[in-house]
Amino acid sequence: MSLCKLDPIIKPHLEILFIGQNPAPKSCENGVYFTSNKSFWNQLFKAGLTSEVLVGNTFKFGDDKKLLDYNLGITDLIHEAYPKFMPEYFTNRQKERLAREISFSQPCVLCFLGQESYRIFFSLPHSKKVKYGFQISTNDRKIF
(Lines give C-alpha, C1' and ligand atoms only; values in the text may rest on other atoms or scores of the structure.)
Protein backbone atom coordinates (compact mmCIF):
# COMPACT_ATOMS: atom_id res chain seq x y z
CA MET A 1 0.00 0.00 0.00
CA SER A 2 1.44 3.34 -1.04
CA LEU A 3 0.99 6.02 1.60
CA CYS A 4 0.60 9.70 0.94
CA LYS A 5 3.58 11.72 2.19
CA LEU A 6 3.96 15.36 3.13
CA ASP A 7 7.46 16.81 2.95
CA PRO A 8 8.89 18.97 5.72
CA ILE A 9 9.03 22.74 5.36
CA ILE A 10 12.51 23.63 6.55
CA LYS A 11 15.52 25.79 5.76
CA PRO A 12 18.72 26.63 7.65
CA HIS A 13 18.63 28.88 10.73
CA LEU A 14 14.98 28.57 11.74
CA GLU A 15 13.66 30.33 14.81
CA ILE A 16 11.15 27.55 15.54
CA LEU A 17 10.74 24.07 14.13
CA PHE A 18 7.29 22.62 14.84
CA ILE A 19 7.23 18.83 15.14
CA GLY A 20 3.99 16.87 14.87
CA GLN A 21 3.35 13.14 14.83
CA ASN A 22 2.38 12.69 11.18
CA PRO A 23 0.34 14.61 8.61
CA ALA A 24 -3.42 14.16 8.56
CA PRO A 25 -4.58 12.20 5.52
CA LYS A 26 -6.62 15.18 4.24
CA SER A 27 -3.65 17.57 4.64
CA CYS A 28 -1.45 15.10 2.81
CA GLU A 29 -4.02 14.75 0.05
CA ASN A 30 -4.18 18.57 -0.26
CA GLY A 31 -0.39 18.94 -0.08
CA VAL A 32 -0.69 21.57 2.68
CA TYR A 33 -0.15 21.10 6.43
CA PHE A 34 -3.16 21.49 8.73
CA THR A 35 -5.91 21.84 6.15
CA SER A 36 -8.13 19.58 8.26
CA ASN A 37 -7.65 21.71 11.38
CA LYS A 38 -6.76 25.29 10.59
CA SER A 39 -6.48 26.34 14.25
CA PHE A 40 -2.68 25.90 13.96
CA TRP A 41 -2.56 28.72 11.40
CA ASN A 42 -4.87 30.93 13.46
CA GLN A 43 -2.79 30.35 16.60
CA LEU A 44 0.44 31.33 14.83
CA PHE A 45 -1.16 34.62 13.86
CA LYS A 46 -2.72 35.24 17.30
CA ALA A 47 0.63 34.54 18.97
CA GLY A 48 2.28 37.16 16.75
CA LEU A 49 4.52 34.64 15.01
CA THR A 50 3.07 35.60 11.62
CA SER A 51 1.52 38.84 10.37
CA GLU A 52 -1.28 36.99 8.59
CA VAL A 53 -3.17 33.72 8.74
CA LEU A 54 -1.12 31.72 6.24
CA VAL A 55 -3.67 29.02 5.39
CA GLY A 56 -7.31 30.09 5.42
CA ASN A 57 -10.64 28.64 4.37
CA THR A 58 -9.65 28.80 0.70
CA PHE A 59 -6.11 27.51 1.04
CA LYS A 60 -3.89 27.47 -1.98
CA PHE A 61 -1.23 24.89 -2.63
CA GLY A 62 1.97 26.10 -1.06
CA ASP A 63 0.47 28.57 1.43
CA ASP A 64 2.13 26.63 4.22
CA LYS A 65 5.53 27.30 2.61
CA LYS A 66 5.11 30.94 3.74
CA LEU A 67 6.21 29.70 7.16
CA LEU A 68 9.76 30.04 5.88
CA ASP A 69 9.25 33.80 5.41
CA TYR A 70 8.92 33.99 9.21
CA ASN A 71 11.86 31.63 9.88
CA LEU A 72 9.44 28.96 11.02
CA GLY A 73 9.38 25.37 9.84
CA ILE A 74 7.34 22.24 10.28
CA THR A 75 8.00 18.54 10.11
CA ASP A 76 6.66 15.34 11.64
CA LEU A 77 7.98 12.30 13.45
CA ILE A 78 6.97 10.46 10.29
CA HIS A 79 6.03 11.99 6.93
CA GLU A 80 3.45 9.38 5.90
CA ALA A 81 -0.23 10.02 6.57
CA TYR A 82 -1.88 7.34 8.67
CA PRO A 83 -5.47 7.60 9.90
CA LYS A 84 -4.20 6.58 13.35
CA PHE A 85 -0.61 7.17 14.44
CA MET A 86 1.16 4.38 16.30
CA PRO A 87 4.40 5.12 18.24
CA GLU A 88 6.12 2.11 16.63
CA TYR A 89 5.94 3.94 13.28
CA PHE A 90 8.72 6.20 14.61
CA THR A 91 11.56 3.80 13.77
CA ASN A 92 15.31 4.29 14.06
CA ARG A 93 15.33 5.24 10.39
CA GLN A 94 12.73 7.93 11.09
CA LYS A 95 14.74 9.16 14.10
CA GLU A 96 17.85 9.50 11.93
CA ARG A 97 15.91 11.38 9.24
CA LEU A 98 14.43 13.76 11.81
CA ALA A 99 17.87 14.32 13.37
CA ARG A 100 19.16 15.30 9.90
CA GLU A 101 16.26 17.74 9.46
CA ILE A 102 16.97 19.31 12.86
CA SER A 103 20.68 19.53 12.11
CA PHE A 104 19.99 21.13 8.72
CA SER A 105 17.45 23.67 10.01
CA GLN A 106 19.37 24.53 13.21
CA PRO A 107 16.25 25.83 15.00
CA CYS A 108 16.52 27.93 18.15
CA VAL A 109 13.38 26.20 19.46
CA LEU A 110 11.94 22.74 18.88
CA CYS A 111 8.18 23.04 19.43
CA PHE A 112 6.39 19.72 19.74
CA LEU A 113 2.78 19.73 18.61
CA GLY A 114 1.35 17.75 21.48
CA GLN A 115 2.69 15.93 24.48
CA GLU A 116 2.61 12.60 22.69
CA SER A 117 5.01 13.83 19.99
CA TYR A 118 7.37 15.00 22.74
CA ARG A 119 7.13 11.68 24.63
CA ILE A 120 7.72 9.62 21.49
CA PHE A 121 10.68 11.76 20.36
CA PHE A 122 12.39 11.43 23.73
CA SER A 123 11.34 7.76 24.19
CA LEU A 124 9.37 8.54 27.35
CA PRO A 125 6.67 6.16 28.56
CA HIS A 126 3.08 7.17 27.84
CA SER A 127 2.45 7.33 31.59
CA LYS A 128 5.17 9.97 32.04
CA LYS A 129 3.60 13.31 32.99
CA VAL A 130 4.79 16.16 30.79
CA LYS A 131 4.12 19.79 31.64
CA TYR A 132 3.14 22.17 28.87
CA GLY A 133 5.62 24.94 28.12
CA PHE A 134 9.38 25.10 27.92
CA GLN A 135 11.29 21.97 28.89
CA ILE A 136 14.95 21.44 29.66
CA SER A 137 17.09 22.87 26.87
CA THR A 138 19.65 20.79 25.02
CA ASN A 139 22.58 21.87 22.84
CA ASP A 140 21.71 25.56 23.12
CA ARG A 141 18.25 24.74 21.79
CA LYS A 142 15.03 25.36 23.69
CA ILE A 143 12.40 22.64 23.79
CA PHE A 144 8.72 23.53 23.99
Matching residues in the stretch 74-106 - criterion: being open to solvent by less than 30 Å² (accessible area, probe 1.4 Å), modelled with pLDDT of 90 or more and of a type in the set (Gly, Ala, Ser): Ser105
Scan the stretch 89-135 residue by residue and report those that are of a type in the set (A, V, I, L, M, F, W, C) and over 17 Å from Phe18 (Cα atoms). Leu124, Val130
Selection count, the stretch 114-136, where residues are open to solvent by 70 Å² or more (accessible area, probe 1.4 Å) and either farther than 16 Å from Leu77 by Cβ or in contact with a Gly (Cβ under 6 Å, 6 or more places away or on another chain) (or both): 8
Could you check the stretch 13-30 and list, in sequence order, the residues that are touching a strand residue (DSSP E or B) at 6+ places or on another chain (Cβ under 8 Å) and open to solvent by less than 40 Å² (accessible area, probe 1.4 Å)? Leu14, Ile16, Leu17, Phe18, Ile19, Gly20, Asn22, Pro23, Cys28
Condition first: in contact (Cβ under 8 Å) with a residue 40 or more places away in the chain and under 23 Å from Gln135 (Cα atoms). Can you find one or more residues in the stretch 26-40 that meet it? yes
Check off (1) open to solvent by less than 40 Å² (accessible area, probe 1.4 Å); (2) among the acidic types (Asp, Glu); (3) over 22 Å from Lys26 (Cα atoms) for Glu52 and give me the number that stays unchecked. (1)
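The values are calculated or read from the model by the stated rules, or taken from the named source; none is laboratory data. Owing to the predicted nature of the structure, the values given are computational and were not obtained by experimental measurement. No Cβ is skipped: glycine too gets one built from the backbone with ideal geometry, and neighbour counts run over all protein chains shown. For accessibility, only protein heavy atoms count, side chains too; no ligands or nucleic acids. Shrake-Rupley method; radii C 1.70, N 1.55, O 1.52, S 1.80 Å.
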